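Read the structure below first, then the notes.
The values are calculated or read from the model by the stated rules, or taken from the named source; none is laboratory data. The shown structure was predicted, so the numbers you read here are calculated from the model rather than taken from an experiment. Quick reminder, even Gly has a Cβ in these numbers, built from the backbone with ideal geometry, and neighbours come from all protein chains shown.
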Amino acid sequence: MLKATLETIAKIVGGNLVTTSMKDVIVEGVSTDTRDIKLHNLFIPLVGAKYDGHTFAFDAIKKGAIATLWDKNHPTPYLDAGIIVVDDTLKAYQKLANSYLKATKSKVIGITGSNGKTGTKDILASILEENFRVHKTAKNLNNEIGVPKTIMEMDLDDEAIVLEMGMERFGEISVLTNIANPDIAVITNIGDSHLLELGTKENIARAKFEILEGLKPDGIFIFNNDDDILREVIREYSISQRVIKIGTREDSDVIIRPIRSDESGSSFSIGEYAYSIPFIGKHQIYNVSVAITIAGLLGMDYASIVKGLSKVKLTGMRMELMHLPSFDILNDCYKSNPQSLMSCIETVYTMKGYKNKILILSDMLELGENEEKLHFNVGEKIDRDRIDYVICVGDLAKEIYNGANRNFNVKNLFYFETKGEVIEKVREIISEDTLIMVKGSRGMKLEEIIEKLKEI
């Protein structure tokens with residue numbers, strides 16, 4: 001928790017302490033939300049498209065905040081509290097987070113990429129916790145507000161922090177990496193997400209490569225050497241820091257040797273050591289390999305790494321296998337793009353012990369001008385010999401249906417406009433020992449289907 005005088009905080013954020021008589025007052029922690037205010041907090045009123053935190057300042061003080069930042073473009077209020085006027089409250093928040101993170105002297109790991117950020121974060125944090133005090137990004141707090149919030153929730157004696165960094169457009173990773181100044185920076189892979197904003201996969205990669213801007217001069221950069229786009233775009237950069245390539249290719253610095261991947265998990269080897277993981281999906285091998293590599297760089301031995309792996313709890317709605325009395329659900333409805341969708345489907349192919357396999361698929365959002373083609377291509381690739389039924393719901397998912405229609409019997413392929421119709425169809429076709437995979441972008445709210453399926 002941050003503990004500092006108002007005078008010190010004003011200097012850090014480059015602000016003007018209006019209430020000079022309170023310069024020696026000590027702030028204990030920060031909050032941007034009046035629902036979470038603690039005694040002696042510094043309140044930081046953020047401004048968004050639909051809200052203005054300044055309107056809640058009086059409430060924050062009433063609930064125990066001892067001071068507040070204040071945007072210079074807002075009239076300075078009369079408050080029984082310390083007031084620091086700044087040019088921009090969000091940027092001031094970010095400066096404060098950067099300063100606090102440096103004070104912790106924690107090892108900082110920044111992770112970005114189209115897929116696998118959250119999984120890699122969760123796995124790495126679990127492993128590191130065997131040897132270190134670790135803090136990590138909660139849920140999906142990976143943007144310009146979430147990253148400073150994560151940092152400010154650290155304890156001063158934390159020894160490592162694992163930060164997930166998300167983006168939608170150019171410049172956003174740049175902001176995050178310059179807040180965090182990572183010791184180790186990771187790019188997991190490049191997919192089709194954000195094509196709407198960035199146009200090409202190469203541009204998506206360039207936006208991810210912004211993570212290098214904040215990487216410490218003696219830092220380490222890790223990337224997926226099996227990703228063709230990353231291999232191509234990295235040539236545009238002159239990287240002075242150490243670079244570690246991870247992948248199955250023989251020119252990788254860390255070579256992954258896959259052994260097995262099925263419904264029970266995966267096994268693989270790196271060097272002389274073998275690893276078995278209970279996570280569903282071949283892609284998890286990459287996530288775990290990155291985590292293992294970083295743990296090794298931080299001095300952890302094989303036994304500690306394996307012990308940490310055994311305790312991993314992944315964030316929900318990501319390849320989450322849910323066992324119900326007569327059927328199972330593979331819940332991966334947090335996000336979707338062509339790469340992650342095909343990876344999930346290929347995982348379903350390998351899962352044994354099921355008489356029926358049903359795919360419930362919805363829209364993949366933010367794919368840009370080729371979104372219909374990308375949906376169609378996925379549908380076309382679905383193997384009718386390994387999937388019994390495909391159910392599509394959503395405007396763009398109609399193209400998945402159209403693509404699958406080239407191969408599937410119409411009796412096994414369905415398109416619906418509503419989630420209610422999906423549930424009714426599942427009731428008709430479901431039997432014991434059925435596996436239902438549910439996947440779509442977060443905005444499609446497919447968790448509503450999951451909840452209804454539980455009632456069948």
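How many residues are among the hydrophobic types (A, V, I, L, M, F, W, C), free of Cβ contacts under 8 Å to residues at least 60 places away in the same chain and in contact with a Leu (Cβ under 6 Å, 6 or more places away or on another chain) when one looks only at the range 141-178?
Let us first name the residues in the range 141-178 that are among the hydrophobic types (A, V, I, L, M, F, W, C), namely 141, 145, 147, 151-152, 154, 156, 160-163, 165, 167, 170, 173, 175-176.
Add one more test, that the residue is free of Cβ contacts under 8 Å to residues at least 60 places away in the same chain, and what stays is 141, 147, 151, 154, 162-163, 165, 167, 170.
Filter once more, so that each one left must be in contact with a Leu (Cβ under 6 Å, 6 or more places away or on another chain): 147, 151, 162, 165.
Of the residues in that region, 4 qualify.
Return the total of residues in the range 155-183 being within 21 Å of LYS335 (Cβ to Cβ), surrounded by fewer than 23 Cβ atoms within 10 Å (Cβ to Cβ) and hydrophobic (A, V, I, L, M, F, W, C).
The total comes to 1.
Tell me, which residue of the range 98-143 that is part of a loop (DSSP other than H, G, I, E, B), at pLDDT 95 or above and of a type outside the set (D, E, K, R) is farthest from the chain's Cα centre (by Cα)?
My answer is ASN131.
Test of understanding: among LYS445, LYS425, which residue is among the basic types (Lys, Arg) and touching a strand residue (DSSP E or B) at 6+ places or on another chain (Cβ under 8 Å)?
LYS425
Report whether or not TYR349 is of a type in the set (Phe, Trp, Tyr) and over 26 Å from ILE229 (Cβ atoms).
Criteria not met by TYR349.
Only one of ILE305, ILE234, ILE229 is of a type in the set (A, V, I, L, M, F, W, C), surrounded by 13 or more Cβ atoms within 10 Å (Cβ to Cβ), in contact with an Asp or Glu (Cβ under 7 Å, 6 or more places away or on another chain) and assigned to a helix (DSSP H, G or I); which?
It is ILE229.
Among the residues of the range 1-37, write down those that are within 19 Å of HIS74 (Cβ to Cβ), out of contact with any helix residue (DSSP H, G or I) (no Cβ under 8 Å at 6 or more places or on another chain) and in contact (Cβ under 8 Å) with a residue 12 or more places away in the chain.
Those that are within 19 Å of HIS74 (Cβ to Cβ), out of contact with any helix residue (DSSP H, G or I) (no Cβ under 8 Å at 6 or more places or on another chain) and in contact (Cβ under 8 Å) with a residue 12 or more places away in the chain: ALA10, VAL18.
Checking MET351 against (1) in contact with a helix residue (DSSP H, G or I) (Cβ under 9 Å, 6 or more places away or on another chain); (2) surrounded by 14 or more Cβ atoms within 10 Å (Cβ to Cβ); (3) within 27 Å of SER266 (Cβ to Cβ): exactly one of these is not met. Which one?
(1)
Mind checking whether some residue in the range 38-60 is crowded, with 20+ Cβ neighbours inside 10 Å, part of a strand (DSSP E or B) and touching a residue at least 60 places away in the same chain (Cβ under 8 Å)?
No, the range 38-60 has no match at all.
Residues that are outside the structural domain of ASN189 (by TED's automatic domain parsing), of a type in the set (A, V, I, L, M, F, W, C) and closer than 30 Å to PRO278 by Cβ: which helices (runs of 4 or more DSSP H) entirely in the range 322-441 hold 2 or more of them?
The qualifying helices (runs of 4 or more DSSP H) are 338-350, 419-429.
I'm trying to understand the selection: among the residues of the range 358-373, which are surrounded by 23 or more Cβ atoms within 10 Å (Cβ to Cβ) and over 30 Å from SER431 (Cβ atoms)?
If the condition is that a residue be surrounded by 23 or more Cβ atoms within 10 Å (Cβ to Cβ) and over 30 Å from SER431 (Cβ atoms), then LEU367 is the only one that fits.
Would you pick out the residues in the range 103-128 that are out of contact with any helix residue (DSSP H, G or I) (no Cβ under 7 Å at 6 or more places or on another chain) and more than 21 Å from GLU172 (Cα to Cα)? Steps first, answer last, please.
Let us first name the residues in the range 103-128 that are out of contact with any helix residue (DSSP H, G or I) (no Cβ under 7 Å at 6 or more places or on another chain), namely 103-107, 117-118, 121-122, 125.
Those that are out of contact with any helix residue (DSSP H, G or I) (no Cβ under 7 Å at 6 or more places or on another chain) and more than 21 Å from GLU172 (Cα to Cα): ALA103, THR104, LYS105, SER106, LYS107, ASP122, ALA125.
Which residue pairs have Cβ atoms closer than 6 Å, lie 6 or more positions apart in sequence or on different chains, and pair a first residue in the range 332-348 that is under 11 Å from LEU359 (Cα atoms) with a second residue that is part of a helix (DSSP H, G or I) and aliphatic (A, V, I, L, M)?
Listed pairs, sorted by first residue: LEU341/VAL378.
Taking the range 427-439, which residues are over 20 Å from TYR349 (Cβ atoms) and in contact (Cβ under 8 Å) with a residue 60 or more places away in the chain?
Hit for the range 427-439 is GLU432, nothing else.
Run down ASP33, ASP24, ASP87, ASP80 and say which single residue is surrounded by fewer than 19 Cβ atoms within 10 Å (Cβ to Cβ), more than 30 Å from LEU341 (Cα to Cα) and in contact with a strand residue (DSSP E or B) (Cβ under 7 Å, 6 or more places away or on another chain).
ASP24
Can you name every residue in the range 244-265 that is more than 18 Å from PRO278 (Cβ to Cβ), out of contact with any Asp or Glu (no Cβ under 7 Å at 6 or more places or on another chain) and surrounded by fewer than 16 Cβ atoms within 10 Å (Cβ to Cβ)?
Selection gives GLU250, ASP251, ASP253, ARG257.
Given the conditions (1) in contact with a Phe, Trp or Tyr (Cβ under 8 Å, 6 or more places away or on another chain); (2) part of a strand (DSSP E or B); (3) touching a residue at least 24 places away in the same chain (Cβ under 8 Å), report the number of the one that SER261 does not fulfil.
Here SER261 meets the rest and fails (1).
So which residues in the range 118-154 are crowded, with 24+ Cβ neighbours inside 10 Å, among the aliphatic types (A, V, I, L, M) and over 21 Å from LEU309 (Cβ atoms), if there are any at all?
VAL147, ILE151
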